[in-house]
Amino acid sequence: MAPPSKPLCIFFARGACRSGEACRFGHERDTGTHSRSRPVVPIYPPLGTPDINSSVTSIHEAQGPKANNLPQRLPDSRNEVPCKFFLQPGGCQKDSCPFLHVTQGPQSVSTNGQGLESNEDEEPDDLSRAFSGASVQFDEFGHVLKISLPTDYSVACITGFPPGTTSEAVVDALHELGFDLNISQVRIPSQGLESEIRATVKMENPLFAEELSSTLRKNHHQLSAAPLAIATKRTDGRKVYISWHKAARNAWVNFGSGEIAKRVAQKFNEGRYTCLDRHVKSSTAKHSSSYGRSYKNAVPWTITLSDVPREATVAHIQRAIISSCDEPRHVEMGEPNYKASDAEVSVEVRSRLERYGPLENFQIACTPKGKRVKATAWFQNEADAMSARYLDDVQLPILGKGKLTVAQVFSVKVKVSKAIYAASKTRIEKEQESWKEGKLKLRIYTDSEQRFALLKVGGADAEAVATVRNKIDRILSGEIITDGGQALWSPGFSINGNASRKLKSIETELDVIIIRNKLKRQLRFHGSPERLQQAVIRIVNLVQQETTSHHKIDLQPHSLAWAVQGGFRKIEQALGVNVAVLDVVSRRITINGTNEQRTLALSIMQNKNASEAQHVMDNTSRPNEACPICFCEAEDAIKTACEHTYCLGCLEEYCKSAASNMKEEFRLKCQGDEGNCSANFTLHELKVDISSSAFDGMLRSSFEEYIQRRPQSFRCCPTPECGFIYRCATTSGPRLIGYRCPGCFEPLCTSCHAQHGEYTCAEYKDIASGGLEALEKLKKELNIKDCPKCSTAMEKVYGCNHMTCGGCKTHICWVCMSVFESAEPCYKHMLKEHDDYTN
């Protein structure tokens, strides 16, 4: 017959019994209440975006089929906190451990902040940029698809809707008033149930807000509307940081001595005593009355511990008081300030955020030692992230009396080669000290191939983040090496020959980086400012030595075409590697060698000694992996998808300068196979291969070329150094009265493009006519005419009457100023109408 069972020990159930085997009460586990035994749950990385709901479900499913038979009670939130002993050598030795035993599967999910940032940095580029006060969308090859200006849109804030109004109801109400829109253009920020609903509507019509406001006033409608200002995007502000206090409780600790109570309180406040690795606060020791909460108090001194982790038990408090001299007589635990688990709270927080707009991502950082749960959310639209700030300091019922902290974060990223970053690191770190005052953070990452460094600046102030970005750009762009105000350059720097090798040795000796810009014929210095002058002295001597051995051959147009289409390759093969340099910009071949080599190059060009040249060519090995831009062996080689190899510097400069040579759509054509390769580079390919400054410079040049060729649609603000663009007024479109440039805040007329203040266009033209007449007379004397299309002034010095506008690239007949799309119809026109190409 089985012995009668003992009554269960309530202190053992709390984990606080100190009698051990001598206890006269039972220490069996009460399976009728809840089991603290935790199974081993394997965690693998999710296939898609992390989903809090799915992670909660998996934990409950892992508890087995018996879980459904347990009485309904709040789950022990410790089962979602990883056990810190489980993955250590020997593992967790406690079968009844209440914490989660996690086995790391292949490619396990990173839960620290660094991992979160790495995932974020791998987000795909949406191929949109903010240039000159405009939002510009590009296609996959870099051509401008759409330009959006703040003045193209209008945002109205509409009030007067009853509580419970949905976006669909707002759309229906505006449809009845004659405005055509859809649900995606409506935002309803979260508000109290009793408060009046406020909706914001954004439409691609600059007069929408004023027209809606006027319509509502005229009809004496219950609704009212007011225009809202639209900010110009300068940084990425789609991210918000959210945090809330972890569930905590109080604990009352009793002592028989006031001296011990005061000593323990001090140790908790100083952090010498912690509970579950978390700092807890203690009140001052108080002398208790003779009766406690439910018993006669024999220990009259009490301290109250606050911010005690919810998971803590009496045993944890007792173990926290390490010294045997400080041992308490009794510990009593209070109730948690809220009962929901971190996962349940995060689901509620995410649903609150999604009321402001769709989320792109939502992640929680695992911070077991901190007092707050921290999460990061990425909105699809920056305006929604800005609206979500209304949740800051808002009380959530699920948190009891706890409040959320919500902060919008702005960030920018700069991609640069690791060598340039290493040379500029000291200057950046010196600047970084001043950024801390603005609570700005700089983080450094490397790409998967370890070729580039990614600098990311983040902070709550968008203007401060943009200012720091500009400072970093200036540092990373380096200093142009000059002597007497002139850029130092030698033709020998254009090839990887003797001069470039000596330049490399200067870099090594001074521990600096010197970048050769072959297209601009410049050297850029990266390194300590103290060593710049040393570099200048050595490079001046190097240039003087190299000048004596250079021979220049100027190329006529037909000779340049011959050289580019394969002729220069013959010269290079005849003279040897790194002897001849072809400079397409200056239309010149430079021979770094003897007079005999110059004579041989001329003979090849004139085909006077083809057999001898051919004999030399047959005995000269062709350079491996030659760059199709500089025709030299590729330096910092980049291999493209079409299997051609470029110098990194040549490819970057080609990308930034290619827009000026485009006739219609922007396309970056590979120059391999002597210019016959049919492949076009995509932006996704180039983004991997070149630095962010070169990539953004290429997109900016595509954008600027697009603007220049459309003077009827876009103009640049005439204020010096403003740089913003505006959309020209048309007879069919809405005209903006009182337009002010958002860059310089100067008033500007979008019709006549003058800054004439309160005057009308006709009045201003009449006032300015005297000065205009004098200007026109001077231009006629100097043979200067304005482009009929964009009004760019042009001067014809010599040559035929076919002119190409430097602004919009249109083709013009100088005699009658007729405009053509290409050169051929212009020449036909001159023969037909003027009998000749020249006067």
Could you please find all residues in region 533-563 being surrounded by 15 or more Cβ atoms within 10 Å (Cβ to Cβ), among the hydrophobic types (A, V, I, L, M, F, W, C) and more than 17 Å from S603 (Cα to Cα)?
A535, V536, I539, L542, V543
When you scan region 788-804, do you find a residue that is in a loop (DSSP other than H, G, I, E, B), out of contact with any Leu (no Cβ under 6 Å at 6 or more places or on another chain), of a type outside the set (S, T, Y) and modelled with pLDDT under 75, even just one?
no
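How many residues are under 19 Å from R710 (Cβ atoms) and in a strand (DSSP E or B) when one looks only at region 805-839?
Number of matching residues: 4.
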Is there any pair linking a residue in region 350-368 that is without any contact (Cβ under 8 Å) to a residue 12 or more places away in the chain to one that is not charged (D, E, K, R), with Cβ under 8 Å and at least six apart or on different chains, and which?
T367/V373
Within region 517-561, can you find the residues that are part of a helix (DSSP H, G or I), charged (D, E, K, R) and at pLDDT 85 or above?
E530, R531, R538
Being modelled with pLDDT under 80, closer than 21 Å to A694 by Cα and surrounded by 16 or more Cβ atoms within 10 Å (Cβ to Cβ) narrows it down to one of C630, C650, so name that one.
C630
For region 356-433, which fully contained strands (runs of 3 or more DSSP E) count at least 2 residues that are among the aromatic types (F, W, Y), crowded, with 16+ Cβ neighbours inside 10 Å and touching an Asp or Glu at 6+ places or on another chain (Cβ under 8 Å)?
372-379
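The rows are residues; the columns are (1) without any contact (Cβ under 8 Å) to a residue 24 or more places away in the chain; (2) loosely packed, with under 15 Cβ neighbours inside 10 Å; (3) within 27 Å of the chain's Cα centre (by Cα).
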| position | (1), (2), (3) |
| --- | --- |
| V155 | no, no, yes |
| F161 | no, no, no |
| T166 | yes, yes, no |
| F179 | no, no, no |
| K202 | no, no, yes |
| F208 | no, no, no |
| H220 | yes, yes, no |
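Listed here are the residues, each with its yes/no results for (1) in contact with a helix residue (DSSP H, G or I) (Cβ under 8 Å, 6 or more places away or on another chain); (2) in the same structural domain as G164 (by TED's automatic domain parsing); (3) within 21 Å of K403 (Cα to Cα).
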site	(1), (2), (3)
D326	yes, no, no
V345	yes, no, yes
E348	yes, no, yes
E360	no, no, no
G370	no, no, yes
So in region 450-490, with the set limited to residues that are surrounded by 18 or more Cβ atoms within 10 Å (Cβ to Cβ) and out of contact with any strand residue (DSSP E or B) (no Cβ under 7 Å at 6 or more places or on another chain), which one is farthest from M386 (Cα to Cα)?
S490
Residues (modelled with pLDDT of 85 or more and part of a loop (DSSP other than H, G, I, E, B)) located in region 173-203:
L177, G178, F179, D180, L181, N182
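The values are calculated or read from the model by the stated rules, or taken from the named source; none is laboratory data. This one's a predicted model, so the numbers in the text were calculated from it and none came from an experiment. Cβ sites come from the backbone with ideal geometry, for glycine too, and all protein chains shown count toward neighbours.
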